[in-house]
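Here it is, the structure in full.
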Amino acid sequence: MKLVTVTIDGIKTEAEDRTPLVQVAQKVGVKIPTLCHHPLVEPYGVCRICTVEVHMRGRVRLVTACNYPVTNGIEVFTQTDRVRRTRKLILEWLLARCGHVPLLNTMAGEYGITEPRFGRGDDTCILCGLCVRVCSDVVGANVLGFFNRGTTRYVGTPYDEPSDKCIACGACAEVCPTGCITIDDEAEQIRGELPLGPMTAIYIPTMQAVPHQPVIDYDSCIHFKTDACRVCATVCEAKAIDHGQQDRHEEIQVGSIVVATGFQPVDAQKVPQYGYGRYPNVFTALQVEHMVNASGPNNGQVLLKDGSTPKAVGIIHCVGSRDKNTHEYCSRVCCMYSLKLAHLVHERSGAKIYNFYIDMRSAGKGYEEFYNHLLEEGCEFIRGRVAEVSDWAVTPMETDKLVIRVEDTLAGLVRRIPVDMVVLSTGLEAREDADDVRRMFNMSCSSEGWFLERHPKLAPVSTFTDGVFIAGCAQGPKDIPDTVAQAGAAAAEAMALIDTGQVELEAYTAWITEERCSGCQICVPLCPFSAIEFNKEKKVSTLNEALCKGCGTCVAACPSHAAQQHHFTDAQIMAEIEGVLVR
Amino acid sequence: MATTTIPVTTAFEPRIVAFFCNWCTYTASDLAGTARLAYEPNAPVIRVMCSGRIDPQFVLKALQEGADGVLIGGCHPGDCHYQEGNYKTLRRFRLLKRILTQFGVDDARVRLEWISASEGDRVQHVINEMTDQLRTLGPWHARN
Amino acid sequence: MAYRSHVLVCAGTGCVSCGSYELGAAIEGEIAKRDLAGEVQLVRTGCQGFCAEGPVLIVQPDEVFYCGLKKSDVPTLVEEHLLKGRPVTRLMYTPPAAPAPVPTLSQIPFFAKQKLVVLRNRGLIDPERIEDYIARDGYAALAKALGDMTPEQIIQEIKLSGLRGRGGGGFPAGVKWATCRQAAIHRGVEPIVVCNADEGDPGAFMDRSIIESDPHSVIEGMVIGARAIGAQQGFVYIRHEYPIARERLAKALDQARAFGLLGRGILGTKFDFDISVVQGAGAFVCGESTALMASLEGRVGEPRAKYIHTVEYGYKNLPTNLNNVETWANVPLIINRGAAWFTAMGTGDVSDNPWNGSSGTKVFSLVGKVNNTGLIEVPMGITLREIIFEIGGGIPRGRAFKAVQTGGPSGGCLPAAHLDMPVDFDSLTAAGSMMGSGGMIVMDDQTCMVDVARYFIAFLTEESCGKCIPCREGLRCSLDVLTRITEGKGDEGDIALLEEMGGVMQDACLCALGSSAPNPVISTLRYFRDEYDAHIRDHTCPAGVCKALIHYEIDQAKCDGCHACVTACSTGAITGQVKYPHLLNQDLCIKCGACVDACKREAVLRA
């Protein structure tokens, strides 16, 4: 590594021979403007904005800093009159082509351009080539290229047709300095989802994640689609990124399991009359929750899809709950979170809030008081199940609004309430895969798909399978305090099981009387728990009580009644049959 | 609250012996109870741990002792608390039915139902239906 | 067999397009008919240079030059000159304003004043026969270089000769070769030699003629160069629009290989070197060395920054030595006759430093408003006046000389004041033009200098690769300004604007196409400022070219109503009765000038 001395604007520094000048300048804090430069791709040297003066052995040259290799003894001047004159004219030329690009206008201001002499064109692409280079060098998809030459040069795809090689990674939109390239999320326009998930393929799951380390989403990661990119690995100083990691299947032997797989929100599209997915300003409560969060899409402001502030907001309770068409049960938490959102939305936007409820379920400490507080705040509560949300205006007041049609049961009228924004308080339901999960743990589901507890009052956290416990919304809709309490209970029971140091066997295990056994071995393959083994010497089957779960299948099959089940012997059951049929 | 009128007549009332597996069908009948679902009282329940415990001899014994019908209740296939017990039950039941038919036992008299722990209403339905059917069919004259 | 006479018919592209192939066939037929086949040989040679007068031929050893021939002249020519020994005067060349035809080459000023070095075999050999080339000392230099000289000695000889690049850059070839060789040795890789035959300058055809007339001179030069540099692979990048040159080059390469002068084990030594021919695809910018190499690699022909030189990292990142066709063609002679012979021609003293002068000769394509248009080769240092007026025969139709444009789109226009300037690299550059590849366009007083500047800017706007902003946008904006000026819509600040844009383009463009693009504008502004002023302030075009600023009128006094102009006019703008003075309707006139040409009474005036 040969070091050379370079002086930039009077600052002397050392750098490796042939380093691009712009990097050396960056190191000493001298700012040189660039447009077509990006640290991730090879320098292209086409915008010429980074032109600087280089003095060397009495010779003066104007060169582009992004790709000029430094040599020993050069003196660089980045703000001479000649340089500034050059940059000013380059900006005027650019504005003649792309006159309304904010970035160019900002730069133009720095060089004293108020009225560009060649006018302002309407193009937005400055032909910097960043998108082309990122797509081919970093992403490896090779979708974009330059076509034609001279003034007709443009960036596009082969044959100007949408390319099937484009993986919609968004890298081109990300590096484009003018905002000329945009990514259109077509699904977003249909479903109106606010971005709730991560924005990049490598991301830290949440602010509270433990460990607080990023993970890579295999399905979005460019490297797994094109074998290129790996920009994350390039910038990681600790060299901690390994794309070659494979899934590891580990077998862990445990003594007890707590299943706390939670719930999923009811899909608001299952209640189509409320317009979710059809009208842009119908949101689910979870989306509004995200919106009012300070780290959300609007930094905590409550805004309509077009960016304006709503003046009236309607919150519809019991969406997907207490409904024969979706779920008959009450989801328990919606009333309280609806009140919370009513309060927050009013606080953030000053909008008039309407709550449409069937019953107000604000049980427990402080909740009824909160409800009263809202009444005092001016929140209007209308008791009635909302019939529909529509955008048909019948009166001038309803124009451009969403109209909520509801029977106000206390007033005895059918009312039409125009609002700007509708919030659907969606209920909780069992997860889609609940059936698969419960089979894995040998549990049952109750109606509506929640996991079945051993006893609704006396054993809420254990299941019919010893050692498997359930907690939280997997067992049934509940709020956070209840979930936490139940979690503690499940943990305690799980611990208790381990702590005992002993395992209680079922009382109703089977046994085999050796003398009666004929060695037919019918019972051996029947046992799902492999509790029966055939003793080749004695030529009889033997049963391991520790493994036996007490199903009795072997007993029913044994032709010689050698196998019997404690508490369920043939004699006992026969006696029961007789007893039941006594006249 | 639903009530059922118990016929105070000397009309024929069928007697059904129900063998319910502990985890699913027995729990379901418990659920029917807590939900106050009324059903015919004609089917006293004998609890076994798994429907796989049910020896075909139990069915024969029940019929011999005067039962007009036998109901076997177990977990849905795939959901057996002991993995596979209900499959054994199914096999045995099929073979048993063939023999019973040869004995002249009507098809409706011996019945296998899969009822899961949350299906309390199904317990109600099955018992009511079976009772109704057997009323029409009349008694099973085993002793005769 | 010894022939008593050779008929050397020019088969350069210019004459071919005038029918010289058919002419040659007719002569052969006539020779056979007259039973002269054993005495007279027809040879098809490369371009003989006098392109304005084609088809041409020379009869040797009489040295008689015939021009403007038609097939119907053939029987007379064969009978009179070849059979009876009486040259046919009416088929000879008559210089303008001369009383009588001039029969022989050495008497015709066009030929007499030239010094043929690169074009030494012009008009004498059949370019499709390697034997002809060898007979005229061809490949002797190669034998000497391979047999008697080390690579370092070859490079030294080229250095001493002061040979400077003939493609426009004027960079000393010997220095370039030395740097390339060093880079290859230092990096432990094999270098590449390339011949730039892209010749994109409008009106330039020097390289084309060299390859069409004497392809072996280029090949021999490249083999010697490869030997000196240590290359085993070479390319000729020739533009797509030169089919005849490509064909003759391909034939020459095949013949060279057959003769063991190219390929494996050249002349029986262990030296291997071969040349591939790669075609261009219609882009002027591919004449630029980095764009050319990109095109060779199969990538889009776009230039890159030259902070890292191509002699170090060029084609496929190997050290690459690129020289122009004419440069390569000089090499065999320098090796054969020595550097001292070469430096005896030209200007300055290059013995210590090749930058100090311009040695050797230069081939120019002399075109435009000059009587003798064609291909010439003159020693460096000859004056513009000699070229234009003695060799060129002066301005036709008695008009006045106005300017001469050298160096193509990268060069500039020089006015009459510079007519006595010696033509060499440095003088031209100092005067605001440049040597370029050798295009020389003569302009008379009917040429509008603003229009000339606009023409070159328009050409470059079209040919710009479009990569960098100063070239792409700067040319477009400059074109807008110049177009406005030629349309009479110029503003006071336009000239300052052109100068400012020109300055920035020179400073900031990525490649030489862009940075030299302002030259025509800047040189015309320097010498013909008054024309710009006339366009902007007075809304007139003194040369009468810019259509928006001229109009035609019929002089009622001179017009005799012959109706010729009406016939010539395509828009029906002229009306009138026969025998009565006619009238021109300005609204319909498209300023094509056809009426001016048609009128025999000079009654159509241009104002």
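The values are calculated or read from the model by the stated rules, or taken from the named source; none is laboratory data. Predicted model, so just to flag it, every value in this text is computed and none were measured. Cβ coordinates were reconstructed from backbone atoms using ideal geometry, including for glycine residues, and neighbour counts include every protein chain displayed. In case anyone asks, the SASA skips ligands and DNA or RNA and just uses the protein heavy atoms, side chains included. Shrake-Rupley method; radii C 1.70, N 1.55, O 1.52, S 1.80 Å.
Accessible area, 1.4 Å probe, largest first: how do A:Tyr154, A:Tyr329 sort?
Ranked from most to least accessible, the order is A:Tyr154, A:Tyr329.
Give me a comma-separated list of calculated 3J(HN,Hα) values for the range A:482-494, in order, Karplus coefficients 6.51, -1.76, 1.60 applied at θ = phi - 60°, integers in Hz, x for any Gly or Pro.
5, 4, 4, 4, 5, 4, x, 5, 5, 4, 4, 5, 5
Run the numbers for A:Lys324 and A:Ser136: contour at 0.36 nm per residue of separation, minus the present Cα-Cα distance, in nm. It would help to have the intermediate numbers written out before the result.
Numbers: separation 188, 0.36 × 188 = 67.68 nm, distance 5.52 nm.
Extra length from A:Lys324 to A:Ser136 when fully extended: 62.2 nm.
Peptides C:301-314, C:117-130: what's the order by average Cβ count within 10 Å, highest mean first? Provide the component values of the computation, followed by the final result.
On the way: C:301-314: 19.7, C:117-130: 22.7.
Highest-to-lowest ranking by the protection proxy: C:117-130, C:301-314.
For A:Lys2, which lysines qualify as cross-link partners when the Cα separation must be under 24 Å and same-chain residues fewer than eight apart are set aside?
Here the lysines satisfying the reach criterion relative to A:Lys2 are A:Lys12, A:Lys27, C:Lys306.
In chain A, with Lys and Arg counted as +1 and Asp and Glu as -1 at Cβ, which of these residues, A:Gly156, A:Phe77, A:Ile573, has the Cα nearest the positive end of the dipole, that is, farthest along it?
Sorting the options by dipole projection puts first A:Phe77.
Moving on. Return, ordered by residue number, the residues of the range A:477-506 whose backbone nitrogen is under 16 Å from a label point located 7 Å along Cα→Cβ of A:Phe441.
Output list for this probe position: A:477-478, A:483-498.
Name the residue from A:Leu413, A:Val101, A:Cys176 whose Cα lies farthest towards the positive end of the charge dipole of chain A, charges +1 on Cβ of Lys and Arg and -1 on Cβ of Asp and Glu.
A:Val101
How much FRET efficiency would the formula 1/(1 + (r/R0)^6) give for A:Gln246 and A:Leu3, where r is the Cβ-Cβ distance and R0 is 25 Å, rounded to 0.05? Mind dumping the intermediate values first?
Values: r = 43 Å, r/R0 = 1.71.
Step by step, r from the Cβ atoms, then E = 0.05.
Cut-off under 16 Å on the C-alpha distance; same-chain residues fewer than 8 positions from C:Lys402 excluded. Which aspartates and glutamates are left, in chain and number order?
Leaving aside aspartates and glutamates fewer than 8 places away in the same chain, those within reach of C:Lys402 are C:Glu386, C:Asp420, C:Asp444, C:Asp445, C:Asp451, C:Asp530, C:Glu531.
Here is a follow-up. From largest accessible area down, sort A:Asp400, C:Asp494, A:Asp306; use a 1.4 Å probe on the protein chains. Could the numbers behind the result be given before it?
Details: A:Asp400 150, C:Asp494 5, A:Asp306 120 Å².
Descending accessible area places them as A:Asp400, A:Asp306, C:Asp494.
Moving on to the next point. Select from A:Thr124, A:Ile113, A:Val41 the residue farthest towards the positive end of the dipole of the range A:41-153; place +1 on Cβ of Lys and Arg, -1 on Cβ of Asp and Glu, and compute about the Cα centre.
The Cα lying farthest towards the positive end belongs to A:Ile113.
As an exercise, use a Förster radius of 60 Å and the Cβ-Cβ distance of A:Ala459 and A:Asp81 to find the FRET efficiency, rounded to the nearest 0.05.
Numbers: r = 87 Å, r/R0 = 1.44.
That gives a FRET efficiency of 0.10.
Moving to a separate point now. Suppose every K and R has +1 on its Cβ and every D and E has -1 on its Cβ; what is the size of the dipole of the protein assembly as shown about the Cα centre, in Debye to the nearest 20? List each step's numbers first, then the result.
Details: 130 positive and 156 negative charges, 424 e Å.
That gives the protein assembly as shown a dipole magnitude of about 2040 debye.
Let me ask something else. Take each of the peptides B:111-124, A:416-429, average the number of other beta-carbon atoms within 10 Å over its residues, and list them starting from the highest. Intermediate results must be reported in sequence, preceding the final value.
Values: B:111-124: 21.9, A:416-429: 24.4.
Answer by packing, highest mean first, reads A:416-429, B:111-124.
Given charges of +1 on the Cβ of Lys and Arg and -1 on the Cβ of Asp and Glu, with all other atoms neutral, how large is the dipole of the range A:403-444 about its Cα centre, in debye to the nearest 20? Display every interim value, and only then the final one.
Working: 6 positive and 8 negative charges, 32 e Å.
Charge dipole of the range A:403-444: 160 debye, to the nearest 20.
Taking loop as defined by DSSP and a crowding limit of 13 other beta carbons within 10 Å, which trypsin sites (Lys or Arg not before Pro) in the range C:1-95 fit?
Listed in order of number, the matching sites are C:Arg4, C:Lys70, C:Lys84.
Given H placed 1.01 Å from N in the peptide plane, which residues other than close sequence neighbours of A:Ile74 have an amide H under 5 Å from its amide H?
Here A:Thr7 satisfy the definition.
What spacing in nm lies between the two simple spin-label points modelled at A:Met56 and B:Arg47, each 7 Å away from Cα in the Cβ direction?
Here the modelled spin labels are 9.4 nm apart.
Could you order the peptides A:355-368, C:238-251 from most to least packed, using the average number of other C-beta atoms within 10 Å per residue? Please list the in-between numbers first.
Values: A:355-368: 15.3, C:238-251: 18.7.
Packing order, densest peptide first, comes out as C:238-251, A:355-368.
Report the full-extension gain for the segment C:Asp254 to C:Thr150: residue separation times 0.36 nm, less the Cα-Cα distance, to one decimal in nm.
Details: separation 104, 0.36 × 104 = 37.44 nm, distance 2.68 nm.
Length difference between fully extended and current span is 34.8 nm.
Also, I was wondering about something else. Once you place label points 7 Å from the Cα toward the Cβ at C:Glu128 and C:Ala496, how far apart are they in nm?
6.3
Something else about it: To the nearest 0.05, how large is the calculated FRET efficiency for A:Asp306 and A:Lys31 if R₀ is 30 Å and r is the Cβ-Cβ distance? Mind showing how you got there, number by number?
Working: r = 37 Å, r/R0 = 1.25.
After rounding, the FRET efficiency stands at 0.20.
So how strong a dipole does the range C:5-108 carry about its Cα centre when Lys and Arg Cβ are +1 and Asp and Glu Cβ are -1, to the nearest 20 debye? Spell out each step's value before the answer.
Details: 8 positive and 11 negative charges, 31 e Å.
With Lys and Arg at +1 and Asp and Glu at -1, about 140 debye.
A follow-up question, please. Is any residue of the range C:82-99 close enough, with backbone N under 14 Å, to a label point placed 7 angstrom from the Cα of C:Asp62 along the Cα-Cβ axis, and if so, which?
Under cut-off, by backbone N: C:82-93.
Related question: Enter the Cα centre distance for the pair the range C:488-566 and the range C:158-227, rounded to the nearest angstrom.
Centre-to-centre distance over Cα atoms comes out at 38 Å.
Determine the calculated [θ] at 222 nm for the protein assembly as shown from helices alone, applying -39500 (n - 2.57) to every DSSP H run no shorter than 4 residues and normalising by the residue count; nearest 500 deg cm²/dmol. Write out the running numbers ahead of the final one.
Numbers: 42 runs with 406 residues, N = 1334.
Mean residue ellipticity at 222 nm (helix-derived): -9000 deg cm²/dmol.
So how far apart, in nm, are the two label points at C:Asn317 and A:Thr71 if each is 7 Å from Cα heading toward Cβ?
Simple spin-label model gives 2.1 nm for this pair.
Moving on to the next point. Kirkwood hydrodynamic radius (Cα pairs, Å) of the range C:551-606?
10.7
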